[in-house]
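Before any comments, here is the structure.
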Amino acid sequence: MKILIVLFSIFCFSCKSQSISKEIDLQKQIPQDLIIDKVEKLNFDNDKELETIITASDDTYSQLYEFWFKKGELLRKIEYPWVSINYKWIIDIDHDDLHEIIRAQGYEDGINYGIYDTVDNNHKSLLFFTPIITDENFPNDLFWGYPWDIDSIIINEDKELLVSLDHSIEREDDYDLTVSQKTLPVIFFKGKSTQPNFKFEKHKANSVFLDLKKLISKTN
């Protein structure tokens with residue numbers, strides 16, 4: 001038994017060392033004049049492997065760069081203006097080979113919540129929305145979806161999102177709309193509210209499941 005434990009420990013240490021070595025190799029591909037902000041392991045396609053996304057900023061903190069790696073190869077580089085709040089979730093919500101990006105980006109006085117598609121070496125905004133979370137600890141209430149409170153998006157087996165086009169939740173912060181977008185829908189997430197006193201009653205947002213294509217059409 002002791003021998004098995006030792007062998008298992010050696011195997012785990014070896015795997016961990018290889019993983020760290022690969023991560024260091026990827027970081028060496030980032031231009032030296034950039035500052036690495038974070039390294040994430042995410043699945044951005046339909047296989048079962050986790051890929052690596054490295055986010056870096058320039059020394060003036062004016063631009064952010066995302067380097068998307070798969071099996072050690074750089075697939076794309078996405079550039080956008082620097083923001084102090086920068087979260088993303090990657091999930092397939094339109095049945096294609098690449099997952100879409102859900103982003104929360106901005107500052108304390110306003111965060112843009114949007115769904116983006118990857119186009120060549122960049123990303124394209126498809127829809128901006130208002131995020132609302134359901135918290136299992138408060139089943140009768142809805143809460144504002146701060147990025148740090150969000151766990152996962154609510155989506156059914158048909159890849160339809162739980163949304164509300166008929167709601168009375170108003171935004172007091174700054175936010176964007178796409179060029180063709182006329183309304184700002186609510187999209188629901190699961191999460192844990194860190195501000196449970198800031199809540200909405202459920203009748204404030206009548207919910208329905210819609211796929212992404214229909215949702216974009218209705219908001220345009």
Residues D117, D45, D96, D135: which one is within 24 Å of E170 (Cα to Cα), of a type in the set (D, E, K, R) and open to solvent by less than 50 Å² (accessible area, probe 1.4 Å)? D135
Is region 100-114 home to any residue that is modelled with pLDDT under 95, within 24 Å of D45 (Cβ to Cβ) and open to solvent by 20 Å² or more (accessible area, probe 1.4 Å)? no
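Output the residues belonging to region 58-75 that are more than 16 Å from the chain's Cα centre (by Cα) and either open to solvent by 70 Å² or more (accessible area, probe 1.4 Å) or closer than 15 Å to E40 by Cα (or both). Break it down into steps so the answer makes sense when it comes.
Narrowing region 58-75 to residues more than 16 Å from the chain's Cα centre (by Cα): 58-63, 69-75.
The answer is D59, T60, Y61, F69, K70, K71, G72, E73, L74, L75.
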For region 150-170: of the residues being open to solvent by less than 40 Å² (accessible area, probe 1.4 Å) and in contact (Cβ under 8 Å) with a residue 40 or more places away in the chain, which is farthest from the chain's Cα centre (by Cα)? S164
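Out of K213, K218, K190, report the one residue that is outside any loop (DSSP other than H, G, I, E, B), of a type in the set (D, E, K, R) and under 11 Å from L165 (Cβ atoms). Lay out the reasoning, then the answer.
Values: K213 fails: under 11 Å from L165 (Cβ atoms); K190 fails: under 11 Å from L165 (Cβ atoms).
Going through K213, K218, K190 in turn, just one is outside any loop (DSSP other than H, G, I, E, B), of a type in the set (D, E, K, R) and under 11 Å from L165 (Cβ atoms): K218.
Of the residues W148, W89, only one is part of a helix (DSSP H, G or I) and not aliphatic (A, V, I, L, M); which? Quick ask: steps written out before the conclusion?
Values: W89 fails: part of a helix (DSSP H, G or I).
Sole residue among the options that is part of a helix (DSSP H, G or I) and not aliphatic (A, V, I, L, M): W148.
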Can you name the residue in region 10-42 that is under 16 Å from the mean Cα position of the chain (by Cα) and either at pLDDT below 70 or over 20 Å from Q63 (Cα atoms) (or both) and is also surrounded by the fewest Cβ atoms within 10 Å (Cβ to Cβ) among such residues? K41
Among residues of region 40-69 being touching a strand residue (DSSP E or B) at 6+ places or on another chain (Cβ under 6 Å) and not in a strand (DSSP E or B), the residue farthest from T118 (Cα to Cα) is L50
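Do we have V186 as over 30 Å from E73 (Cβ atoms), open to solvent by 40 Å² or more (accessible area, probe 1.4 Å) and either modelled with pLDDT of 95 or more or aliphatic (A, V, I, L, M) (or both) here? Explain how you work it out, then say what you get.
Numbers: over 30 Å from E73 (Cβ atoms): yes; open to solvent by 40 Å² or more (accessible area, probe 1.4 Å): no; either modelled with pLDDT of 95 or more or aliphatic (A, V, I, L, M) (or both): yes.
The answer is no for V186.
The values are calculated or read from the model by the stated rules, or taken from the named source; none is laboratory data. These numbers were taken from a predicted model, which means no experiment stands behind them. Backbone-built Cβ (ideal geometry, glycine too); neighbour counts: all protein chains shown. SASA here: full protein model, heavy atoms, side chains in, ligands and nucleic acids out. Shrake-Rupley method; radii C 1.70, N 1.55, O 1.52, S 1.80 Å.
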